[in-house]
């Protein structure tokens, strides 16, 4: 099962530069079913572009397909496997 995951994190909004490792809880809803867990984001900010990876831990991550920052708005996209 694959899904396009869009992540917006208010924690990241307050950072001057989002480069680094970020972790915290996530909630995904698909077909009415809710899944929860912990996500690890490893990000690199270069101007308005953000690259990096997301996953449940350091050893199980997938690359971001798109990432951008404009003012206080951060948009991250990745194709991830949901259990």
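If the chain linking residue 72 and residue 28 were pulled fully straight, counting 0.36 nm for each residue of separation and taking away their Cα-Cα distance, it would gain 13.5 nm.
The stretch between residue 44 and residue 79 holds 10.8 nm of extra length on full extension. This uses 0.36 nm per residue minus the Cα-Cα distance.
Which FRET efficiency, nearest 0.05, do residue 17 and residue 59 yield, Cβ-Cβ r, R0 25 Å? My answer for the efficiency is 0.45.
When 79, 18, 42 are sorted by how many other C-beta atoms sit within 10 angstrom of their C-beta, beginning with the fewest, the order is 79, 42, 18.
Since every read-out is calculated from the coordinates, none of them should be taken as a lab result. Quick caveat, the model's predicted, so the values are computed rather than measured. In this analysis, Cβ positions are derived from the backbone assuming ideal geometry, glycine residues included, and neighbour counts consider all displayed protein chains.
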